[in-house]
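Laboratory data are not the source of any read-out in this text; all were calculated from the coordinates shown. None of these values were measured; they are calculated from a predicted model. Quick reminder, even Gly has a Cβ in these numbers, built from the backbone with ideal geometry, and neighbours come from all protein chains shown.
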Amino acid sequence: MKDFWCEINLDKLEYNVNLIKKNTCKKIIAVVKGNAYGLGIEEITRFLSDKVETFAVSTMEEALKIQSNKDIIILTPLYNFKYINEMKKNIIITIDSEECLHKISKDTKCRIQIYVNTGMNRFGVQPNKLYDLIQEIKSQYKNIIIDGIYTHLHNDKDIKYTLKQIDYFKSITLPFINDIPNIHCLNSNAFLNHDLYKAADFTNCIRVGNLIYGYSGKNSGYKKIFNYYAQIIRTYKVSKNQYIGYNNTFKTNKDIKVSLLNFGYIDNFGCSKNSGNGLIYNLLKKIFHYFRPPILISNKGETVHSIGKFMNNVLINSDNISEDSILTVHMSSILADSSIKKEYVISNL
Ligand SMILES: *Cc1c(COP(=O)(O)O)cnc(C)c1O
């Protein structure tokens with residue numbers, strides 16, 4: 001019996017990618033950081049390998065998990081250059097400063113992209129230093145190929161702010177546009193916004209994560225590619241005027257049927273059950289008693305009410321639910337425990 005799992009529809013993933021292609025000629029950089037937003041980096045990249053131009057991750061460890069010959073950009077500037085000579089040719093590292101550059105030896109062959117800071121102030125070369133950085137690479141590091149320049153739109157819900165940011169990025173990159181092959185700044189939300197998309201007409205790639213997995217763009221026809229499902233593992237009767245769960249928070253007002261599901265709030269905390277009785281687990285348990293993150297459960301579209309507060313299991317009132325029902329559990333794959341079983345399916349849409 002499966003009891004709790006995440007189903008990932010690869011055909012919907014393909015549908016989303018095709019819909020993007022219908023709407024743009026720009027290259028698609030599929031963002032697969034954070035284990036492909038929790039959906040499994042190996043499987044997602046294997047499936048997308050012949051469908052997108054490039055992948056993007058946050059770390060070298062993630063990049064090394066990808067079995068594809070497509071280009072892979074590591075979006076976080078690299079600070080540890082230990083593996084740089086052994087890394088596969090399709091990995092492109094990010095540089096955002098002279099300090100970063102100076103850690104690369106002059107005979108190292110590699111491709112880089114330059115991250116420019118246009119307001120997020122997390123990392124990124126300051127725009128007034130970009131020219132010098134590029135000149136230094138060209139004159140001193142003959143084995144480095146500058147593959148791209150990019151920035152991140154960190155406040156994409158504020159269109160006015162982001163329009164200004166894109167214009168600023170344009171003014172910074174314009175002198176290099178004929179020289180450097182990839183210029184990009186659009187993420188999912190910015191790509192979906194007509195004005196931002198138009199303002200970014202000088203760019204030739206988009207970096208999309210949320211959109212391909214269906215977190216964004218529902219109104220534009222994009223499909224959510226995953227769902228969590230649970231099956232009942234045990235059902236029993238509880239008679240009238242009995243309490244259920246910790247702290248007697250629930251009391252029955254009639255005889256009811258109760259069913260146990262094999263997942264709990266811990267599965268939705270973004271931390272692993274494997275942490276056992278460690279500090280974090282115990283801390284979360286404490287926090288949990290005050291604050292319960294909502295997990296919605298439904299059965300054929302109807303909301304199912306959970307009973308009591310449990311860390312590892314959910315109890316539901318199953319008076320109107322048959323034993324073999326497959327219940328939908330509405331939770332975010334980004335926060336979900338990575339150990340939850342994943343099933344990749346291709347169904348006809
Ligand atoms: C995560 C990330 C993206 C993808 O953002 P979405 O909103 O998921 O499309 C793009 N660029 C950078 C630098 C990122 O870190």
* Structure fact -> Rounded to the nearest 10 degrees, the helix 279-290 long axis (Cα) sits at an angle to the longest Cα principal axis of the chain of 60
* To do: Rounded to the nearest 0.05, what FRET efficiency do Lys198 and Lys22 give with R0 = 22 Å and r taken as the Cβ-Cβ distance? Could you check?
  => 0.80
* 0 to 90° range, to nearest 10: angle between helix 10-23 axis and the chain longest Cα axis -> 40
* **Estimated translational D of the range 5-105 in µm²/s (Stokes, Kirkwood radius over Cα pairs; 4 °C; 1.567 mPa s)** => 89
* Take the alpha carbon atoms of the range 172-195, find their center, do the same for the range 102-153, and report the distance between the two centers in whole angstrom. => 16
* Please list 83-91, 13-21, 55-63 highest first by mean number of surrounding beta-carbon atoms within 10 Å per residue. => 55-63, 13-21, 83-91
* To do: May I ask what percent, to the nearest 5, of DSSP beta bridges between residues of the range 1-155 are antiparallel?
  => 0
* Asked: In whole percent, what relative contact order does the chain give with Cα contacts below 8 Å and a gap of six or more residues?
  -> 20
* Structure fact -> Percent of all alpha-carbon pairs of the chain at distances over 40 Å, whole number, is 26
* **Share antiparallel - DSSP beta bridges, the chain, percent rounded to 5** => 45
* Ranked highest first by the average count of other Cβ atoms within 10 Å around their residues, in what order do 217-225, 249-257 fall? -> 217-225, 249-257
* Structure fact -> Between the Cα axis of helix 159-173 and the main Cα principal axis of the chain, the angle (0 to 90°, nearest 10) is 30
* Structure fact -> Shape call for the range 62-217, from the Cα gyration tensor axes a ≥ b ≥ c (a/c under 1.5 means rounded, otherwise prolate when a/b beats b/c, else oblate), comes out oblate
* Which FRET efficiency value, to the nearest 0.05, do you get for Glu136 and Lys223 by plugging their Cβ-Cβ distance into 1/(1 + (r/R0)^6) with R0 = 45 Å? -> 0.45
